[in-house]
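Just so it is clear, none of the values below were taken in a lab; they were calculated from the coordinates. Computed from a prediction, not measured in an experiment: that's the story for all the values here. Here the Cβ positions follow ideal geometry from the backbone for every residue, glycine too, while neighbour counts run over all protein chains shown.
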Amino acid sequence: QVQLKESGGGLAQPGGSLRLSCAASGSIFSFNVMAWHRRSPGKQRELIATVTRSGSTDYVDAVKGRFAISRDDVKNTVYLQMNNLKPDDTAVYYCHATNVRESYWGQGTQVTVSS
């Protein structure tokens with residue numbers, strides 16, 4: 001079993017940047033897909049970015065061009081670089097590790113974008 005712990009959330013101004021990290025308690029190499037999801041106030045949790053073991057990435061349109069997901073299988077950590085933040089990016093951000101057999105979630109980190 002793998003535990004995921006997110007960090008790096010906080011308060012940012014519109015147009016600012018934050019970098020989220022997701023540290024795993026064990027190897028993430030076996031997880032085909034690592035992802036970031038978010039739950040905005042009053043909305044359902046949504047998938048916003050994925051990265052495969054081969055390094056392929058995909059993004060929801062709302063964050064495309066502003067966010068960048070990456071993974072370091074040596075450090076067992078996944079990152080989400082968030083630039084040009086907008087108030088609509090305010091949410092709890094969750095890390096997710098998955099393969100055909102397993103699925104693990106972190107507890108989330110709050111990101112608030114406000115002036």
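A few points about this structure:
- C-alpha center-to-center spacing [segment 1-53, segment 73-108] in angstrom: 1
- Shape box of segment 1-56 [Cα atoms, principal axes, largest first, Å]: 36, 23, 21
- Summed over all non-identical Cα pairs, the Kirkwood treatment of the chain gives a radius of 14.0 Å.
- Its relative contact order, with pairs defined as Cα atoms under 8 Å and 6+ residues apart, puts segment 17-115 at 32 percent.
- Peptides 13-19, 87-93 ranked from most to least packed by the mean count of surrounding Cβ atoms within 10 Å: 87-93, 13-19.
- Bridge type composition, segment 1-68 - antiparallel percent by DSSP, nearest 5: 100
- Under 16 Å from the Lys75 label point (7 Å along Cα→beta-carbon), backbone N, segment 11-46: 18-29
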